[in-house]
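Trainee: I'd like to ask some things about the structure below.
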Amino acid sequence: MIQKQKNDEDDHFKQIKEEIKNTKEDFNSKNQEQKNAEEQEILQLSKDMAKMKEDIKLEFKAMIDEHIKSEQQKSIQFQNEMTNLRNEMLKMNTILNKVYPVGSIYMSVSNVSPQILFGGVWITWGQGRVPVGVSSSGTFNYVEKTGGAETHAL
């Protein structure tokens, strides 16, 4: 009977050892499955983050491209406005040169220099004198003549 009891105990220990072995294998298997699942989750998160980075880059690039396009349009508009202003100034200078060509006299009761009003170089003419128009005959028959009166009676 002792032998049978010993055999039963050995069988029981073998069975326990087998259960422990199976439990260890089951634990290791489940542990490996969990590691695999975690690795898959980490891999998926890495992919998601990479896609998000790429999306952000594309969005940022689109914003920068739109800003550059807007600034280029503003620059073109500014250049067009400057060209229009230059053309207007040329027209105004052409008109001014027709109204007051070189050698013209500008008369005003304002004490503002024509250089301030019209630009260019102006000199003072006839200080303290009265301008008289040119006549085809008589004393004042050419420009800038100085001298006495055409007729004088006191």
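The values are calculated or read from the model by the stated rules, or taken from the named source; none is laboratory data. Owing to the predicted nature of the structure, the values given are computational and were not obtained by experimental measurement. Methodologically, a virtual Cβ is constructed for each residue, glycine included, from the backbone with ideal geometry; neighbour enumeration extends over all protein chains shown. Heads up: the accessible areas ignore ligands, DNA and RNA and are worked out on the full protein's heavy atoms, side chains in. Shrake-Rupley method; radii C 1.70, N 1.55, O 1.52, S 1.80 Å.
Trainee: On the first, second and third principal axes, largest extent first, how far apart are the outermost C-alpha atoms of region 52-100 in Å?
Mentor: 70, 7, 5
Trainee: Under the 0.36 nm per residue contour assumption, what length would be gained going from the current alpha-carbon distance of Glu81 and Glu38 to full extension?
Mentor: So the chain would gain 9.1 nm between Glu81 and Glu38.
Trainee: Compute the signed sum of charges (Lys and Arg +1, Asp and Glu -1) over the other residues within less than 13 Å, Cβ to Cβ, of Gln32.
Mentor: -2
Trainee: Something else about it: With n ≥ 4 as the cut-off for DSSP H runs, can you work out [θ] at 222 nm for the chain, using -39500 (n - 2.57) per run divided by the number of residues, rounded to the nearest 500?
Mentor: Per the formula, -25000 deg cm²/dmol.
Trainee: Still on this structure, I have one more. On a straight-distance basis, which lysines could pair with Lys57 in a cross-link, Cα separation under 21 angstrom, same-chain partners fewer than 8 positions away excluded?
Mentor: Reachable lysines: Lys47, Lys69.
Trainee: Give me the distance between the Cα centres of region 1-78 and region 87-138, rounded to whole Å.
Mentor: With region 1-78 and region 87-138 each reduced to a Cα centre, they are spaced 90 Å.
Trainee: Could you please tell me the mean projected area of the C-alpha convex hull for region 8-96, averaged over all directions and given in square nanometres to one decimal?
Mentor: Seen from a random direction, the Cα hull of region 8-96 projects 5.7 nm² on average.
Trainee: Also, quick follow-up: Given points 7 Å out from each Cα along the Cα-Cβ axis, report the Ile20 to Leu90 separation in nanometres with one decimal.
Mentor: 10.4
Trainee: How much length, in nm to one decimal, is gained on full extension between Lys30 and Ser110, taken as 0.36 nm per residue of separation minus their Cα-Cα distance?
Mentor: Roughly 18.5 nm would be gained on extension.
Trainee: Another question about this same structure. So how much slack lies between Glu144 and Met63, counting 0.36 nm per residue of separation and subtracting their Cα-Cα distance, in nm?
Mentor: That works out to 22.2 nm of additional length.
Trainee: Let me see the P(r) profile for the chain: every Cα-Cα distance counted, bins of 5 Å, each bin given as a percent of all pairs.
Mentor: 2, 6, 6, 6, 6, 6, 5, 4, 4, 4, 4, 3, 3, 3, 3, 3, 3, 3, 3, 3, 2, 2, 2, 2, 2, 2, 2, 2, 1, 1, 1, 1, 1, 0, 0, 0
Trainee: Continuing with the same structure: I'd like the carbon and sulfur percentage of the solvent accessible area for the chain, probe radius 1.4 Å, heavy atoms only, ligands and nucleic acids excluded.
Mentor: 57
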